[in-house]
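Participant: I'd like to ask some things about the structure below.
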Amino acid sequence: MKRNCLRALGLASCVVALFSLLGMAVDLNGIVADELIEEISNAAGLNLVDQYIADYTVEELTDLAAKGLTPGIRLAADRALYKLSGELVPYLAVDVVTGKDVYNNLELLTLAAAGNEGAADAFVFRNRGSYKKPATVEAVIAAAQVTLDANIDAANPDDPPSYNLLDAADIAKLAATDVVVVVDLGDKVIIALGRLLGGFYGPGSPVGQKTEAELLALVDGDSLGLQISAVTALTTYWILGSDLTIAQVEAAILGVTLVSPGLALAYQGFLTYLYSL
């Protein structure tokens, strides 16, 4: 996995603060200020989002997200800004007058391609009914594109198109007169689909569950979406069943961060959970 792609999730000192070995409380602010191992810094930063919202203005958060001295500071500020923006909720709004979505699927995908994470998450959430099987999600990730039907209202041709998502069966039934748009998916949507797929792959899933060994084989593969799905599912496995301590997870991250960024990111998710306890 390319390390820069992993850092799209929001995502070198060898001095790791192993507070649990000393029986001390974890100093999250100290970790984000001093720790340069990216996954450890990020895990602490993700637990400081609400504190950053309380302590900083939007302008200060914007500056920290761009120029913060450590990865954890930048990520905490970035997630705080995302939370303040309403996350995906504004992109799912419905016009009270027309009853139509304020943002249609094409607009969401256009915003997502420009780097808007909320729009990407909203697209996947809105169309979740089309993604009920892991094989369907896998196919979309592999194709890295979707097909939208402009769905022009014959009775009101001047109304904006709604751009409904088409599945394979719908595409096979298209008439020559149907107006469709094929849209390439950017990394933000691929990552959102990967997280959705990770839910199918994780423990207890009635369809698509993979073993930890199968996930480890995917976590540093060539497909960003499958990488994210493996990271998501592995983190869930460990949260539910691992006995590793904070110190052990920090040490594990230190051992893989330069050679297996996907596995390091999965450990980051688990460490984020442990720091929150």
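The values are calculated or read from the model by the stated rules, or taken from the named source; none is laboratory data. From a predicted model like this one, the values you see are computed outputs, not experimental measurements. Cβ: placed from backbone, ideal geometry, glycine included. Neighbour counts: every protein chain shown.
Participant: Suppose the filter is more than 22 Å from residue 225 (Cα to Cα), part of a helix (DSSP H, G or I), over 17 Å from the mean Cα position of the chain (by Cα) and modelled with pLDDT under 85; does residue 21 pass it?
Facilitator: So residue 21 passes the test.
Participant: Next question. Answer with yes or no whether residue 149 is touching a strand residue (DSSP E or B) at 6+ places or on another chain (Cβ under 6 Å) and charged (D, E, K, R).
Facilitator: Against the criterion (touching a strand residue (DSSP E or B) at 6+ places or on another chain (Cβ under 6 Å) and charged (D, E, K, R)), residue 149 qualifies.
Participant: Can I ask one more? Quick check: is even one residue across region 154-176 farther than 22 Å from residue 124 by Cα and among the polar types (S, T, N, Q)?
Facilitator: Yes; the residues of region 154-176 include at least one that is farther than 22 Å from residue 124 by Cα and among the polar types (S, T, N, Q).
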